[in-house]
Amino acid sequence: MEGNLAIIGYGLSAIGPGVGIGLIFAAYVSGVARQPETRGVLQTIAILGFVLCEQLAIFGIALAFVFS
Amino acid sequence: MGAIDNAAAVLAAESGEGGFWESTYPVIPHPGELIVGIISFAVLYFLYKKYVVPRLETMLAERQRTIEGGIERAEAMQAEAKAALEQYRAQLAEARNEAAQIRDAARAEGQQIIEELRAQAQEESARIVARGEEQIASARQQVVNELRGQIGALAVDLAGRVVGESLADDARRQGTVDRFLDQLDGMSATEGRGDAVAVPGGNR
Amino acid sequence: MTTEVSAAEEFVPPSAPDFWQPLVGEGAFALTRSMVVMVLVTIGLAVVMMAVTRRLSVVPGRGQFRLEGMYGLVRNSIGRDIIGSAHFKPYIPLLFTLFTLILVNNLMGIIPPVQFPTMSRIGFPLALALGVYVVYLVAGVRRRGIVGFLKNLVPSGLPWWVVPVVFVLELVTFLITRPVTLTLRLFGNMFAGHILLLLFALGGEYFLLHGEGLLRVISIPAFLMFFLFSAFEILIAFLQAYVFILLASIYIAEVYADDH
């Protein structure tokens, strides 16, 4: 078994964003289910939150390559 | 992505050929690519700013205007239709009014005709009654006159017979009787009666 | 995709060097495959856009209708709604350029004759992010002046001893974090997505050509996953283009936000 510790680091760093993105979209879904007319506003906010969350995972992958 | 080391090993095998840019981290930008990226972006941005977006904006503004024009036209048409409806309604009301007026007038006229007819009939009946009365009066007058003559003659005759003297002069006798009778009338009868008696006297 | 898997060799998974594909020359100014794709995409976009917008009609045709749909998304749901209807007009060309350029370049990672996502070379997203960076810095400084701009970084009503810390943090966010995250997000998504595609393609190929017996059958789900993720990449391509201009317009909108 070969590999790199940096990639394990990336795997660890992806846990947080994974949970975060899940929470964000869960909130988005329940929000739209409660008030379907707010869909447009919520969509933008949800994507923004998703992006800011995903940013961490992206940092992870970039740093994984930097330190590999 | 499992084995970067593996790739590095491959790289190491063919290093020298791959050079710095192959083996370096992917997060270090390649200057040539950066420059090409900036230039492409700038060129495209310039084109968009100068041509594409203004054209699209002009078109959108034009469409907005067209739609607004359409709405305005539709509104104008609606207003026109409303005005026509108003007018039609007014005309209808007017016509209805007129009809009512005509009906009223006709009714009034009918009433009037009936009134007139009634008045005429009443007049007629009054006339008939008057004529009847007149006839009765004249008949009565005639009778009275006849009676008066006869009474005069009878009275004179009676008086002559009683008195035993003959009154030859007809005219004087006549005047005396008349005067006597008039005196009687003046004492007992009313004015109208006197007139009624006097007029038929003239008629005869 | 160009990684050579020599016969009966050990499987070599795709990695970062696969994206280094110089066509002409060597070193820092070599003509690479991604440059060619980028230039072709730019020329193609310019030609198509100029051709479609040359004869715009109030009643749109098919091509114009699609262009308008895209333009409406960028102009109304991002530009107008986020920057605000008072200031968004000058930024439409920037946002629309970014959106179309990123979208088409990302789709190039899947469209067969090219199949190379330009944005997986960090130089290109960096170039675009630098464009946004310059625009929002210049807009901020022009609106408030340098002093006002720096003052505006710190929200009012903080205790005096917090101010320097917040100031430094905000300055770092403004000057470094934002362009870096903007770059890295686009780069990371396209890079990782393409590596994933390479992995499925190369793995499937390896199992098919060098597998023994039943192992060859594994290539079928591998290729299946390749197609599945190709479809997924289309979604990612669109989403990343959308997100890039979403963030760009949020950064620009902050210039016009009056509090903080």
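What does the average come to when, for each residue of peptide C:242-249, you count the partner chain Cβ atoms lying within 10 Å of its Cβ?
Mean partner shielding for this stretch: 2.
Take each uninterrupted DSSP H stretch in chain C, measure its Cα extent along the helix axis, and return the ones at 30 Å or beyond whose mean Kyte-Doolittle hydropathy is at least -0.5.
Answer set is C:33-54, C:123-151, C:178-210, C:219-256.
Could you work out the mean count of beta carbons from other protein chains within 10 Å of each residue's beta carbon in C:14-27?
So the per-residue partner count for this stretch is 5.
Report D for the stretch A:5-66 in µm² per second (integer): Stokes-Einstein, Kirkwood Rh on Cα pairs, 20 °C, 1.002 mPa s.
172
Among B:Asp104, C:Asp18, B:Asp185, what is the fewest-to-most ranking by other Cβ atoms within 10 Å?
B:Asp104, B:Asp185, C:Asp18
Which of the lysines could a cross-linker bridge to B:Lys49, judged by Cα under 16 Å and excluding same-chain residues fewer than eight apart?
Excluding near neighbours in sequence, the set is C:Lys89.
May I ask you to order A:44-52, C:33-41, A:19-27 by the average number of other C-beta atoms within 10 Å around their residues, highest value first?
C:33-41, A:44-52, A:19-27
Taking H as built 1.01 Å from N, whose amide H comes closer than 5 Å to the amide H of C:Thr32, not counting residues under 5 places away?
Residues meeting the criterion, in which the H sits 1.01 Å from N, are C:Leu23.
Hey, in the GNM for chain C with a 10 angstrom Cα cutoff, which one of C:Gly61, C:Gly140, C:Gly188 fluctuates hardest?
Of C:Gly61, C:Gly140, C:Gly188, the most mobile in the Gaussian network model is C:Gly61.
Taking only DSSP H segments of four or more residues, each worth -39500 (n - 2.57), what value at 222 nm results for the protein assembly as shown once the sum is divided by all its residues, to the nearest 500 deg cm²/dmol?
-26000 deg cm²/dmol
Hey, rough spin-label estimate for C:Ser57 and B:Val143, points 7 angstrom out along Cα→Cβ, what's it come to in nanometres?
If labels sit at C:Ser57 and B:Val143, their model points lie 11.8 nm apart.
Please express the shape of the protein assembly as shown as an equivalent ellipsoid: the semi-axes are the square roots of 5 times the eigenvalues of the C-alpha gyration tensor, given largest first in whole angstrom.
Equivalent ellipsoid semi-axes, largest first: 128, 27, 22 Å.
Under a Cβ-Cβ cut-off of 13 Å, what is the net charge of the residues other than C:Ser120 that fall near it, where Lys and Arg count +1 and Asp and Glu count -1?
Net charge in that neighbourhood comes out at 0.
Obtain the nm distance between the two label points defined at C:Glu26 and A:Ala27 by a simple spin-label model: each point lies 7 Å from its Cα along the Cα-to-C-beta direction.
Going from the C:Glu26 label point to the A:Ala27 one covers 5.4 nm.
Return the average number of partner chain Cβ atoms within 10 angstrom of each residue Cβ along peptide C:119-131.
Mean number of neighbouring Cβ atoms from other chains: 6.
Could you let me know the centre-to-centre spacing of the stretch C:184-260 and the stretch A:46-68, using Cα atoms, in angstrom?
What the calculation gives is 14 Å, centre to centre.
Which order results if C:Phe226, C:Phe65, C:Phe116 are arranged by neighbouring Cβ count within 10 Å, fewest first?
C:Phe65, C:Phe226, C:Phe116
Percent of Cα-Cα pairs more than 25 Å apart in the stretch C:106-254, please.
Here the long-distance tail beyond 25 Å is 49 percent of all Cα pairs in the stretch C:106-254.
If the only charges are +1 at each Lys and Arg Cβ and -1 at each Asp and Glu Cβ, what is the size of the charge dipole of the protein assembly as shown around the Cα centre, to the nearest 20 debye?
Magnitude of the dipole: close to 1060 debye.
Under a no-solvent Debye model with one identical scatterer per Cα of chain C, what's log10 I(q)/I(0) at q = 0.09 Å⁻¹?
-0.54
Only counting other Cβ atoms within 10 Å, I'd like C:Ile195, C:Ile234, B:Ile67 sorted with the fewest neighbours first.
Least to most surrounded, the residues fall as B:Ile67, C:Ile234, C:Ile195.
Every number here is computed from the coordinates shown, using simple stated rules; none is lab data. This structure is a prediction, so every number in the text was calculated from the model and none was measured. Don't worry about glycine lacking a Cβ; one is built from the backbone with ideal geometry, like all the others, and counts go over all protein chains shown.
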